[in-house]
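Report on the structure given below.
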Amino acid sequence: MALEPTWKIAKYRDFTGGENRVASPELLLSNQIFSGINLKISADGSVETRRGKTKINTTSLGAGPILSAFRWAKENGTKYITVQHGTVLYNATWDGVSEISSFTSVKTGLTAGVKLRGVVWKDNLHLVNGTQNNFAFDGTACTDHAGTPPKSTIIKVYANRLWINDVSLPNLLRFSDLESFDVWDTLNVIKFRSGDGDAIKGAAALPGGMVVFKQASAWTMYGTNIDNIRVDLLSDYIGVDSDDSILSDGIFVGPDNFYRFNLSSITPFSSTHKEYISILTAAQKQAVSAVYVPDWQCAIISLRDFRQIYVDAQTGAIFTWTGLNVSAMATATVSGDDGSLIVGDADNGNIYIVNNLEDDDGAAIPTDFRTSYVDLDSPRDKVFRAIRPNIEVLHPRTGKTPKASLIYDVDFSSILGLSQKQPPYNNTLTWGEGKWGENTWVGPHERTENETFYFSARGRFLSIRVSSETRIKIKSLELKFRNIGRDL
């Protein structure tokens with residue numbers, strides 16, 4: 001069959017559609033990719049490897065997970081990090097930079113395996129877990145509230161009051177007196193449709209109101225005191241399993257998907273990762289947690305199976321993160337902090353800050369980028385001749401030579417379960433070895449934009465994969481090809 005006389009160039013420069021884990025790999029949108037492991041959106045619209053984690057405590061708190069973590073500061077400027085491990089609440093002053101030599105036990109006898117939730121208000125960290133009395137920590141000592149207010153699993157600040165659920169009356173929210181956390185009038189109660197078997201599971205305080213989530217419904221509450229509060233049904237079929245899965249920045253994890261919300265609506269955020277939610281058991285859904293990282297302009301959602309979901313707030317792009325081993329999250333956002341994510345480890349009793357420019361506390365961060373299987377707007381077979389990647393090294397690992405591997409695949413030959421037009425073959429090219437690149441990266445910020453990998457392959461669809469254990473930025477890819485034969 002005749003070849004078209006002119007070579008064509010296809011360019012991949014827009015990755016803001018993120019990773020799509022649902023659609024067939026040849027049906028993705030032009031700005032989506034098939035796989036995006038440990039990637040995030042860069043300021044220029046390209047994608048780059050996430051930053052790594054650095055341990056901030058010199059001595060582990062012991063085997064087992066960090067159940068909860070709180071970064072907060074007193075009005076006098078003293079900065080703390082407070083964490084729950086086992087049945088103990090620990091505290092340390094922390095400047096946000098130095099290692100913490102030791103933590104101090106500030107409360108013992110916590111219920112094993114039950115995490116604390118908390119808010120900072122009136123110079124105290126207020127904490128609840130639903131099985132023990134609510135209490136406050138002032139940076140030095142804990143004060144037990146002795147059952148007033150009652151035990152709760154949810155605690156929020158809204159309209160200059162504390163708001164809690166009541167575990168003994170699961171359809172009620174209670175709220176404190178104005179500007180007070182220790183005065184609770186018994187009449188300060190709001191009921192959210194009792195008798196439906198649907199308990200309050202979470203809440204989010206927004207400008208102008210609060211959204212209250214039950215397990216199978218959601219409600220908007222307007223007003224600021226018992227005289228002017230109004231409750232409206234927001235959804236009668238979408239709710240949450242855990243307060244930890246809700247962000248006041250307008251994102252939550254529902255029973256089957258990620259959602260956006262405000263005081264007047266709930267809409268699916270994206271369907272690209274529904275499978276991540278649908279495969280979770282009820283217990284796993286209850287363990288889902290989320291945190292918003294303002295300086296990164298993204299949400300991080302932990303699914304507790306050692307995967308995190310990165311959600312870019314500007315573009316809506318979603319990518320999968322691995323390697324952080326998260327059981328608790330917070331953000332370094334008090335005055336003087338760098339705005340990074342803080343994570344508690346699920347196994348080793350350590351706390352990390354995610355601002356490492358090189359790796360995950362000495363371990364490589366595996367990057368995997370894989371485009372869709374494009375047919376380049378033609379049903380015809382093609383000859384593929386060259387790939388020119390524009391890849392930048394962000395920061396070499398100490399003592400390691402930066403490398404990246406470029407892999408191409410024609411007509412699904414490397415995807416199990418799909419028909420193969422040709423058998424798999426070894427098509428991995430590593431920078432600095434063989435045909436791709438005559439030099440090695442020394443970095444940082446060296447690029448491959450003037451290096452072209454020449455090859456010859458025939459088929460209808462082609463996917464390009466880039467993988468690396470060095471933090472990289474993928475700025476663009478160019479593919480040289482020409483069609484075979486004629487269109488129908």
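Quick note: the coordinates plus some simple rules give every number you see, no bench work behind them. Nothing here was measured: the structure is a model prediction, and the numbers come from that model. Note that each Cβ is placed from the backbone with ideal geometry, even for glycine, and that neighbours are counted across all protein chains shown.
Once you order the gyration tensor axes a ≥ b ≥ c over the Cα atoms, which shape class does the range 73-154 get: rounded for a/c under 1.5, otherwise prolate or oblate by comparing a/b with b/c? Don't skip to the answer; put the middle values down first.
Values: a/c = 2.30, a/b = 1.45, b/c = 1.59.
Cα axes put the range 73-154 in the oblate bin.
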request  = Rank S152, T58, T111 by how far each Cα sits towards the positive end of the charge dipole of the chain (+1 on Lys, Arg Cβ; -1 on Asp, Glu Cβ) and give me just the farthest.
outcome  = T58
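Can you give the relative contact order of the range 142-242 as a percent, counting alpha carbon pairs under 8 Å and 6+ residues apart?
Numbers: 198 pairs, mean separation 17.8, N = 101.
So the answer I get is 18 percent.
Does the range 105-202 classify as rounded, prolate or oblate by the C-alpha gyration tensor (a ≥ b ≥ c root eigenvalues; a/c under 1.5 gives rounded; else a/b over b/c gives prolate, otherwise oblate)?
Numbers: a/c = 2.15, a/b = 1.31, b/c = 1.64.
It is oblate, given that a/c is not under 1.5 and a/b is not larger than b/c.
For the chain, what is the percent of antiparallel DSSP beta bridges, rounded to the nearest 5?
Values: 138 of 143 bridges.
In the chain, approximately 95 percent of DSSP beta bridges are antiparallel ones.
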task = Can you pull the one-decimal nm distance between simple spin-label points at V157 and S248, each 7 Å off the Cα toward Cβ?
result = 0.7 nm
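Over the chain, calculate the relative contact order: mean separation of alpha carbon pairs under 8 Å at least 6 apart, over the residue count, as a percent.
On the way: 1263 pairs, mean separation 90.7, N = 488.
Here the relative contact order equals 19 percent.
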ask   = Longest exposed-loop-site-free stretch of the chain, with GluC sites (Glu not before Pro), DSSP loop and at most 12 other Cβ within 10 Å?
value = 180-437
remark   = Projecting the Cα atoms of W121, W184, Y292 onto the charge dipole of the chain, where Lys and Arg contribute +1 and Asp and Glu -1 at Cβ, the residue farthest towards the positive end is Y292
request  = Take D95, project a point 7 Å from its Cα along the Cβ direction, then tell me which residues of the range 318-339 have their backbone nitrogen under 19 Å from it.
outcome  = 332-339
ask   = For T87 and T398, what does the FRET efficiency come to when R0 = 45 Å and r is the distance between their Cβ atoms, rounded to the nearest 0.05?
value = 0.70
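Can you tell me how much longer the chain between Q297 and S102 gets when fully stretched, taken as 0.36 nm per residue apart minus their C-alpha distance, in nm with one decimal? Mind dumping the intermediate values first?
Details: separation 195, 0.36 × 195 = 70.20 nm, distance 3.18 nm.
Taking Q297 through S102 to full extension adds about 67.0 nm, to one decimal.
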request  = Treat every Asp and Glu Cβ in the chain as -1 and every Lys and Arg Cβ as +1, leave all other atoms uncharged, and give the resulting dipole magnitude about the Cα centre to the nearest 20 debye.
outcome  = 1100 debye
query = In nanometres, what is the gap between the two model label sites at S271 and A283, each 7 Å from Cα along Cα-to-Cβ?
reply = 3.2 nm
Size descriptor, Kirkwood hydrodynamic radius, that averages inverse alpha-carbon separations across the range 228-325, Å = 13.9 Å
ask   = Within the range 205-219, whose backbone N sits under 19 Å from a point 7 Å along Cα→Cβ of D236?
value = 212-219
inquiry  = For the chain, I need the span (max minus min coordinate) of the C-alpha atoms along each principal axis, in Å, sorted largest to smallest.
reply    = 85, 51, 33
request  = Using the Cα centre as the reference, give the magnitude of the dipole from point charges on the C-beta atoms of the range 252-392 (Lys, Arg: +1; Asp, Glu: -1; all else neutral), rounded to the nearest 20 debye.
outcome  = 660 debye
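With runs of 4+ DSSP H residues as the only contributors, calculate the mean residue ellipticity of the chain at 222 nm using -39,500 (n - 2.57) per run, divided by the residue total and rounded to the nearest 500.
Values: 2 runs with 10 residues, N = 488.
Calculated mean residue ellipticity at 222 nm is -500 deg cm²/dmol.
Between V22 and I226, how high is the FRET efficiency from 1/(1 + (r/R0)^6) when r is the Cβ-Cβ distance and R₀ = 45 Å? Nearest 0.05.
Working: r = 46 Å, r/R0 = 1.02.
Here the calculated transfer efficiency is 0.45.
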inquiry  = If the only charges are +1 at each Lys and Arg Cβ and -1 at each Asp and Glu Cβ, what is the size of the charge dipole of the range 39-88 around the Cα centre, to the nearest 20 debye?
reply    = 100 debye
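So what is the relative contact order of the range 30-175, in percent, for Cα pairs below 8 Å that sit 6 or more residues apart?
On the way: 264 pairs, mean separation 18.6, N = 146.
It rounds to 13 percent for the range 30-175.
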